[in-house]
1. Could you count how many residues in the stretch B:71-111 are among the hydroxyl-bearing types (Ser, Thr, Tyr) and over 11 Å from the mean Cα position of the chain (by Cα)?
2. Looking at the stretch A:33-48, I want the residues that are within 16 Å of B:Lys42 (Cα to Cα) and more than 7 Å from chain B (Cβ to nearest Cβ) and have a partner that is assigned to a strand (DSSP E or B) and among the small types (Gly, Ala, Ser) with Cβ atoms under 7 Å, at least 6 apart or on another chain. Which pairs are those?
3. Determine which single condition B:Thr61 fails, assuming it passes every other condition in (1) more than 24 Å from A:Gly106 (Cβ to Cβ); (2) at pLDDT 95 or above; (3) loosely packed, with under 15 Cβ neighbours inside 10 Å; (4) polar (S, T, N, Q).
4. Among the residues of the stretch B:38-53, are any part of a strand (DSSP E or B), of a type in the set (Val, Ile, Thr) and in contact with a Leu (Cβ under 6 Å, 6 or more places away or on another chain)?
5. Counting just the residues of the stretch B:36-51 that are touching a Phe, Trp or Tyr at 6+ places or on another chain (Cβ under 9 Å) and more than 11 Å from chain A (Cβ to nearest Cβ), which one comes out modelled with the highest pLDDT?
6. Do you know which of the residues in the stretch A:25-63 that are hydroxyl-bearing (Ser, Thr, Tyr) and farther than 30 Å from B:Ile106 by Cα is surrounded by the most Cβ atoms within 10 Å (Cβ to Cβ)?
7. Just need a number here: residues in the stretch A:64-88 that are surrounded by fewer than 16 Cβ atoms within 10 Å (Cβ to Cβ) and part of a loop (DSSP other than H, G, I, E, B).
8. Restricting the stretch A:81-110 to residues that are within 19 Å of B:Phe101 (Cβ to Cβ) and hydrophobic (A, V, I, L, M, F, W, C), which is nearest to the other protein chains (Cβ to nearest Cβ)?
Amino acid sequence: NAGVTQTPKFQVLKTGQSMTLQCAQDMNHNSMYWYRQDPGMGLRLIYYSASEGTTDKGEVPNGYNVSRLNKREFSLRLESAAPSQTSVYFCASRREDRLKETQYFGPGTRLLVL
Amino acid sequence: RKEVEQDPGPFNVPEGATVAFNCTYSNSASQSFFWYRQDCRKEPKLLMSVYSSGNEDGRFTAQLNRASQYISLLIRDSKLSDSATYLCVVNDEGSYGKLTFGQGTILTVHP
C-alpha cells in the first residue's frame, strides 16, 4: 500500500498562475482533507471531504477550490496564485476507528509563489 | 486566543533525559486528543491518542485533564531519534474528523 500520495513534490508559480495539487489514497477511507502548514502557525484545514461527492470549507478556504473526483482522489486547485499561498500543503485521509482514529498524511507539496 | 496552544520550545535535552510537553485547548467540546510527531521536512504521523485515564506507550506517557483543558506528553529516557516536532491535536465530536493543531514543540536530543 502506498498510503497517501501527493503530486507534485515541489512547485514554483508566478502570481496569477493556476495549478492543481493532486492527492490519492489507497486505504479505502471515506474522509479526506487538505491542510497548509506555515511557520509558527501549525497546520490549518483548507477543505475537507467527508465522503465521495461532498466537500466542505475548513478554516482557510479562500483562494482555493477542491474536487473529490472519486473515493480515492481529492484535488486542490489554486485558480490565481498569490504570494500568501506560499506554503507546504498536506493531504490526509482518515481511518474511522472508534478505538484508534488516525489521519494519514501524504508527503506534502512545497509551493512557492513569486 | 489560539484554539490549541503549545510552548514552541525548542527543548534541547541530553540523551537519557526526561522531558515533558504541555498543551492547552480552548474548546470545551473537544472530544478526542492526540499527539502527532513531525520530523524535519516530513509529514505528521500519529504518535499516540490521549485517553481520559491517561495512557502509556513504551517511553511515552500522555495525560488529559478535561477540567483544566490540558494535555501533556512525557518522554522518558530520551533517544537521539526522538528529535522532532511534537504536535498537540484535538478533534471535536461530530466534526467529520476535522483536526485542530497546535503549532508544535521542537525537541532536540543531543549526545
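The values are calculated or read from the model by the stated rules, or taken from the named source; none is laboratory data. Since this is a predicted model, take the numbers as computed values, not measurements. Positions of Cβ are backbone-derived with ideal geometry, glycine not excepted, and every protein chain shown enters the neighbour counts.
1. To start, the set of residues in the stretch B:71-111 that are among the hydroxyl-bearing types (Ser, Thr, Tyr) comprises B:72, B:78, B:81, B:83, B:85-86, B:95-96, B:100, B:105, B:108.
Filter once more, so that each one left must be over 11 Å from the mean Cα position of the chain (by Cα): B:78, B:81, B:83, B:95-96, B:100, B:108.
Qualifying residue count, the stretch B:71-111: 7.
2. From the stretch A:33-48, the pairs are A:Tyr35/A:Ala92; A:Arg36/A:Ser87; A:Gln37/A:Ser87; A:Asp38/A:Ser87.
3. Condition (3) is where B:Thr61 drops out.
4. yes
5. B:Arg37
6. The first filter runs over the stretch A:25-63 and keeps only residues hydroxyl-bearing (Ser, Thr, Tyr), leaving A:31, A:33, A:35, A:47-49, A:51, A:54-55.
This time we only want the ones that are farther than 30 Å from B:Ile106 by Cα, so: A:49, A:51, A:54-55.
Numbers: A:Ser49: 21, A:Ser51: 13, A:Thr54: 12, A:Thr55: 17.
Filtering the stretch A:25-63 for residues that are hydroxyl-bearing (Ser, Thr, Tyr) and farther than 30 Å from B:Ile106 by Cα, the one surrounded by the most Cβ atoms within 10 Å (Cβ to Cβ) comes out as A:Ser49.
7. Total meeting the criteria: 5.
8. A:Phe105
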